[in-house]
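Each remark here refers to the structure printed beneath this line.
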Amino acid sequence: MQYVKEIVAFGPRPLGSANHRKVEDFILAHLKGGDVENDVFTANTPEGNLPVHNIIAKFPGTRDGVIVIASHYDTNYPLRNTSFVGANDGGSSSGLLLQFANQFRGKKLDGYSVWLVWDDAEEAIKPDGSGGLPREMPFEQDSLYGITHLRDKWQTDGSLKKIKAFLLADMIGDADLNVEHDANSTPWLEAVVYEAATRMGYQSHFFARTMEVDDDHIPFVKLGVPAADFIDFDYGYNNVYWHTTQDTVDKLSPKSLEIVGTTMLETIRILGEMQSLPPK
Ligand SMILES: [Zn+2]
């Protein structure tokens, strides 16, 4: 939670902004001395060329294969000139991954290697219709710039075939935590997540509702990588805080971060003990 507060304290962090640069440096400083991959490129967007910086931290395990845990760290672009700070949307999951880095640092992990990904340019560049109007551009054409680029890069360099599972965290800090059962995620992996939550005693926070979530996992799902999205898409009554200036730290709870964090760690522990993982 302290990391979430520190990220949010930089203010709005849209692509191309000075604050975005500061949070990049903040994440990189946290990872200093470790095995870090940078994926830096220029995205061609409806608002012109914008700089994108994915940050990957790699932690080796005892088994052959990789589990990716991802979170986007950019904040909503259309709200860039407001006080929008994305405490939950961008902040919560990015802070959680910083704490994962502390957990994984300096020892060989039991099970698969873990690659933590702070991906960039997840948010759509054109307004997304959160005011009730249809969005200006189809979601697939105007978002997920960073993670799609990274997937393509990993496909080219051969990394993609090492990835056993892709776990995504997004909007996981809401004090009233209800992680969705995502119909776009991989069914067997969602079942493992629910098993992990149940073992931790947190199942009441999981899967009360089933919906199809469009998020950073989709480019990996499309290429057959098993994926699970940890997202609570009911942020405030009827998702009323989502993509508004009401997305502030006071709406979050450290307990929610703990529930998602613990369940993710238990999920990778279970995956590490499975004889083999289904391909998709
Ligand atoms: Zn968002």
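Throughout, read-outs are computed from the coordinates displayed, never taken from laboratory work. What you see is a predicted model; the values in this text were computed from it and never measured. We place every Cβ from the backbone using ideal geometry, glycine too, and count neighbours over all the protein chains shown.
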So the compactness index of the chain, its C-alpha Rg divided by 2.2 N^0.38 Å, takes the value 0.92
1/(1 + (r/R0)^6) with r = Cβ-Cβ of Asp157 and Ser276, R0 = 25 Å, i.e. FRET efficiency to nearest 0.05, evaluates to 0.55
Reduced to Cα centres, the span from region 1-42 to region 191-208 in Å works out to 31
If the label point sits 7 Å along Cα→Cβ of Thr262, residues of region 198-212 with amide N under 11 Å come out as 198-203
For the chain, percent of DSSP beta bridges that are antiparallel (nearest 5) comes out at 45
Flagged as over-length at 24 Å C-alpha distance, from Lys162/Lys280; Lys32/Lys164; Lys58/Lys161; Lys107/Lys251; Lys5/Lys255; Lys107/Lys164, the pairs are Lys32/Lys164; Lys107/Lys251
In the chain, helical segments from DSSP H whose Cα atoms cover 27 Å or more along their own axis and that average at least -1.0 on the Kyte-Doolittle scale are 254-273
Highest mean packing first, using Cβ neighbours within 10 angstrom, the peptides 108-116, 269-277 sort as 108-116, 269-277
The simple spin-label model distance between Ala183 and Ala9, using points 7 Å out along Cα→Cβ, in nm, is 4.3
